[in-house]
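Encoded as structure tokens, the structure appears first; notes follow it.
Coordinate-derived values only; no laboratory data. Keep in mind that what you see is a predicted model, and the values were worked out from it rather than measured. Here the Cβ positions follow ideal geometry from the backbone for every residue, glycine too, while neighbour counts run over all protein chains shown.
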Amino acid sequence: VQLLNSLVQDNIVVYNPTKHRYDWDCDQLNELQMCDSVASLIISNFKKIPPEALSSLRVLSCFGMHIHESTIQHIVCCSDTYICGGDIIPSLPILIDAGILESSEAITTFAHDMIRQKVYDGIPNDQRQQIHFSIGLFLGSNATLDAPIEDKSSNSDRECDDKEKKEAFDGLATDHINNASELVVDHLQRSRFAGWNLIVATESSRNSNFQSAFHYYKSGIAFLGSEKQSDKWTGDTQELCYSLYKGAAFASLAVGEAESVPKYANAIIQNVSFERSLQAQCLLIRSLDCIGSKNQETVDTALAVLGKLEVHIPFAPHLYLGHPIDGVSSLAPSIILQSMDKTHKIASKYTLDKLVARQAVKVDKSKVGVLSILDSVILAGYRLGSPYLALIVCETVNYSLQQKCVCGHSALSFCYFGHMHIWLRSESYLFVSWYILMNVLTLVTLFSFNSDDHKGGLRWANLTLKILERAKQRNPFIRTRIMVNFLVLIWHQTLRVSAQEMVKAYELGMKSGDVSGASMAIYLHLQYLFMEGENLSSLQEKNDYYIKQVVKFNKETAKTLILDRMNLDFLIGVPCESFSIFDGMICNEASLLADAFSNKNRILVSSIYFRRHFEAFWGGQYVQALKWSKLASDYAGKVSGPRMINMFLYVTMGIVFFQLYREGKGDIYYDRGKVMLKTLERGLQDCSNDLFNNKLLLLQAEHYAATCEVKKAKAAYEASIQTAKKFSRVNDEALAYELQGKYLSSIVDPQASESYKKSYRCFMKWGALAKAKMIKE
């Protein structure tokens with residue numbers, strides 16, 4: 001339309017009344033210098049626009065592609081010679097008629113980004129910066145940018161709409177000033193505009209727009225000079241500097257750039273007192289904790305800071321990243337149990353209500369720092385599989401009780417303390433040889449804890465939840481919410497409920513800036529759905545969606561999600577194509593394993609080996625499954641406690657051991673199978689979760705099959721199948737039918753073929769097409 005209008009206006013195309021149509025001169029058209037697009041055509045016609053309208057167009061181009069009519073109305077009053085606000089409104093109809101601008105629903109928009117860019121680039125650089133500077137100063141003088149942050153946040157008289165409008169002008173004004181930063185040379189002015197950026201960044205953080213906040217924090221820091229200018233940390237700019245750097249450190253964590261945190265945190269640590277730098281120290285440690293390969297560095301840095309705070313963890317040198325068979329674990333049993341017994345006696349003096357009543361409303365900053373650091377040490381120790389994790393937990397519980405600082409920052413330690421109660425029952429059978437070497441006092445301690453197990457664990461989990469409930473307005477403590485569900489509550493509620501809780505944690509984490517916690521939550525969400533027998537195609541779609549979200553912020557969790565995707569693809573029978581998210585840096589599982597070894601990320605190494613165990617198990621390759629499970633367990637560490645994944649490993653390994661025994665591989669496999677069965681039975685005592693009921697029955701059936709107790713074996717297989725049906729776990733039903741079919745075949749029972757047919761149908765219903773094909777063959 002624009003092209004035709006132009007040709008008509010230039011009388012190149014004219015209406016011919018005798019022919020009753022438009023006509024044109026071909027020679028004129030051929031001689032015409034044609035533009036390569038309509039946008040170029042419009043630009044070529046700028047010479048026809050009046051000077052006042054063209055001047056207004058240049059000003060409008062400095063606002064970007066879109067400008068709201070309220071902003072235009074606002075700058076109309078500006079008399080600055082660079083803006084000439086009074087000329088803008090009369091110019092709008094001219095610019096719209098020329099096809100340069102479009103107007104709809106109070107928004108004026110450039111008709112094409114090429115048009116806006118051509119206008120903007122056509123402004124001389126010095127003049128363009130001056131326009132930005134004039135707009136910024138004018139808008140800033142009518143905003144609230146020069147008011148202290150506390151005055152802005154405490155002004156409750158402003159209506160919500162008015163507040164949002166003023167905040168929008170704050171951001172707009174600051175953007176224009178940032179675009180003219182080269183013009184600002186005066187020290188006081190640069191400090192003033194650094195303060196503007198701090199205000200807008202703070203507002204963005206409050207609105208969970210952390211990407212925007214990070215941008216403004218960095219822009220504010222740029223106004224204060226280079227990193228080498230230490231004088232900015234003195235005088236009037238010290239507080240401003242501290243706030244900007246602290247905000248940048250937090251925002252970089254919130255957008256998944258943990259590697260950027262040390263730059264900002266160390267600047268604070270190097271230029272302020274140790275007491276003042278404590279929050280920066282916590283952010284630094286937190287950033288190391290968010291990087292999968294930095295677990296040991298997290299522990300080392302945290303212990304050094306705790307030492308300065310005169311908080312000493314017993315046997316701290318043994319918090320060591322090494323192979324599980326390293327000598328450090330030989331000291332663990334008696335020391336750990338005595339430490340837990342001592343803490344148990346102290347904490348048990350209080351009822352749950354009394355402990356909640358001791359929750360501090362306001363905690364001294366140094367104590368918050370201590371607890372925040374201990375929080376990171378606990379998580380890093382857990383990932384390391386450190387045998388001294390219990391010592392850290394006990395020290396944190398003792399500290400929060402003795403210092404009267406029970407709060408959200410100490411909630412994780414109470415959660416882990418509950419987890420340890422469960423662990424002492426489920427793991428004690430596996431490590432009975434450990435305890436034979438201990439003295440009588442320690443043995444008494446062990447049995448006293450066994451009487452508490454799941455009930456005791458639930459007591460401390462409930463305390464954790466109550467603490468979090470009172471603290472949620474100030475800090476959501478995402479990772480604590482995740483861990484209390486992952487370690488304790490999952491034994492007392494359905495996996496569907498746990499999966500829903502993880503979605504809530506994910507959403508809250510993304511909103512509050514804890515992208516590391518959010519990534520962990522969504523990983524567990526998908527794991528729980530798989531365990532519950534969610535359709536595999538549906539899980540594929542969810543996995544694809546969340547991988548694309550998580551990789552933006554947390555590549556380590558994305559790597560683990562890809563392993564889950566490989567499991568799904570194996571069962572379905574399609575190749576895994578998800579490695580493309582790493583842009584060629586990691587192209588398959590072998591390169592992922594090499595990356596994990598290179599970064600000393602033992603959790604990822606363990607996850608890869610466990611995935612291989614999973615594939616071998618479902619493929620019926622039991623010798624290979626045994627090999628991979630041993631490697632997975634070695635790298636996971638001995639004392640990580642009864643995670644849900646451990647219990648699944650007990651089930652699959654129990655089946656593997658009994659199957660190998662029945663294949664004639666040796667009596668040792670029968671003994672190992674019994675250990676797995678006993679461990680599962682002990683771990684599930686007093687557990688109200690029904691997830692493992694059918695799995696326990698299935699493992700018992702395998703045991704009866706190994707001891708040639710035909711009636712008991714048949715009854716246990718059938719009970720396992722019926723229990724899986726009751727809870728609609730088609731995956732467990734399929735596996736039970738398959739193993740039933742194998743057993744019946746071994747005793748030449750004609751019902752075996754029927755079991756295999758039912759297994760095939762269940763695997764098809766689950767979506768495991770490749771596995772169903774194996775059954776059919």
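Annotations for the structure displayed:
- Global geometry of the range 673-736, whether rounded, prolate or oblate, following the gyration tensor of its Cα atoms and the 1.5 cut on a/c: oblate
- Using Cβ point charges alone (K and R +1, D and E -1), the dipole size of the range 513-649 about the Cα centre works out to roughly 500 debye.
- Estimated distance in nm for a label pair at residue 239 and residue 11, the labels positioned 7 Å out from Cα along Cα-to-Cβ: 7.3
- Compactness of the range 176-265 as Cα Rg over 2.2 N^0.38 Å, two decimals: 1.02
- Size-normalised alpha-carbon gyration radius of the range 712-777, reference 2.2 N^0.38 Å: 1.03
- Each part reduced to its alpha carbon centroid, the range 195-249 and the range 485-519 end up 32 Å apart.
- For the pair residue 580 and residue 105, the difference between a 0.36 nm per residue extended length and the Cα-Cα distance amounts to 166.9 nm.
- Stretched out straight at 0.36 nm per residue, the stretch from residue 346 to residue 774 would grow longer than its current Cα-Cα span by 148.4 nm.
- The range 550-618: C-alpha gyration tensor shape, a/c 1.5 cut-off, then a/b vs b/c: oblate
- Along principal axes, Cα extents of the range 460-527, largest first, whole Å: 29, 25, 14
- For peptides 275-286, 714-725, 340-351, 11-22, sequence by mean Cβ density within 10 Å, most packed first: 275-286, 714-725, 340-351, 11-22
- Stretchable slack from residue 594 to residue 493, in nm (0.36 nm times residue separation minus alpha-carbon distance): 32.6 nm
- Cα-Cα pairs of the range 669-710 separated by more than 14 Å (percent): 47
- Rounded, prolate or oblate (a/c below 1.5 giving rounded, otherwise prolate when a/b exceeds b/c) for the range 520-666 by Cα gyration tensor: prolate
- Euclidean distance between Cα centres, the range 706-764 to the range 607-638, Å: 24
- Taking the square roots of 5 times each eigenvalue of the Cα gyration tensor of the range 667-777, largest first, gives ellipsoid semi-axes of 23, 19, 12 Å.
- For the range 495-585, projected area of the alpha-carbon convex hull averaged over all directions, nm²: 5.5
- A Förster distance of 30 Å, applied to the separation of the beta-carbon atoms of residue 668 and residue 297, puts the FRET efficiency at 0.15.
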